[in-house]
Each structure stands twice: as C-alpha cells, then as structure tokens.
1. Can you pull out the residues in region 89-101 that are within 18 Å of the chain's Cα centre (by Cα) and either more than 30 Å from Val118 (Cβ to Cβ) or buried (at least 21 other Cβ atoms within 10 Å of the Cβ) (or both)?
2. Determine whether region 77-94 contains at least one residue that is under 13 Å from Thr8 (Cα atoms) and modelled with pLDDT of 95 or more.
3. Return yes or no: is Leu31 among the hydrophobic types (A, V, I, L, M, F, W, C), over 17 Å from Leu112 (Cβ atoms), touching a residue at least 12 places away in the same chain (Cβ under 8 Å) and out of contact with any strand residue (DSSP E or B) (no Cβ under 7 Å at 6 or more places or on another chain)?
4. Any residue in region 30-45 that is among the basic types (Lys, Arg) and modelled with pLDDT of 95 or more?
5. I'm trying to understand the selection: among the residues of region 3-43, which are surrounded by fewer than 14 Cβ atoms within 10 Å (Cβ to Cβ) and either under 12 Å from the mean Cα position of the chain (by Cα) or among the basic types (Lys, Arg) (or both)?
6. Consider only pairs whose beta carbons are under 8 Å apart and that are at least six residues apart or on different chains; among these, list those whose first residue lies in region 42-70 and is farther than 10 Å from Thr5 by Cα and whose second residue is of a type in the set (D, E, K, R).
Amino acid sequence: MDKKTISTGAIFGMIAIILGAFGAHALKNVLTIEALSTFETGVKYQMYHALFLVFIGTLNELSQKAKKIIYNLVIFGVFSFSGSIYLLATNNLTSFDFKVIGFMTPVGGLLLILAWAVLFFNFIKKKS
C-alpha cells in the first residue's frame, strides 16, 4: 500500500506540474484571468494532495487501514475537486457545457477534508 500511495502521489505531482505549466503558457492567451486563476487553484490543490499522499505513504505510525481510507478519499477527492475545476475553468474552450458537473467541486473538497480528518482522528486516538 505504501509503494502505491507514494507512486500515486508522485504521479499526481508530475501531472500537477505539467498542468501548471500548460496553464501558465498555453492557456494564458485563451482564458480570462479569472478562469486561469481558477485553473491554478485546481493545480495547487492537486499538488498539495500529491505531497500529502507521499507523506502518508512514508508514515509508519498510521495503520494500513487508515492509509487505505485516506488514499481512496484523496484519489476521489482530487479527481472530483481538481478535475471539475480544470473542466469548469476551460469550459469556454469546448462545445460541451461543463457547468453540469459543478456540484463535483464541493463533493471533492469534502472528500479531501475527510482525508485530513481521518489522519487527525487516527493520531488523536493513538496512545503515546
């Protein structure tokens, strides 16, 4: 599980860097400043959670069950939160109206919050 978690974190990090560069260079001429800022928010949160997964994968004090729960919450959270932000920010570049998936952003955010909560509560209940 740890190798999978760290590998996923590394992949998420690489993709975040690629998307950040893509946004800064390729999208800066086709998106509004507001849409570009929104896109960058998705990139930032993806990177934060890439690093979070690497951290979780190296943490020995956390049970494998807790790591698996956190891993799944982060995976679905990043896809829902950052993924929907990427699509919504670039909505004017396609003929499909991605506003119909707008509800996924707060759902993804909630999943990411829950991942951090699982970490917090596992350390609170741990005996010193």
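1. Passing the criteria: Ala89, Thr90.
2. yes
3. The answer is yes for Leu31.
4. Yes, because at least one residue in region 30-45 is among the basic types (Lys, Arg) and modelled with pLDDT of 95 or more.
5. Listed by number, the residues that qualify are Lys3, Lys4, Ile11, Lys28.
6. Leu59/Lys67; Glu61/Lys126
The values are calculated or read from the model by the stated rules, or taken from the named source; none is laboratory data. What you see is a predicted model; the values in this text were computed from it and never measured. Neighbour counts run over all protein chains shown; Cβ positions are idealised from the backbone, glycine included.
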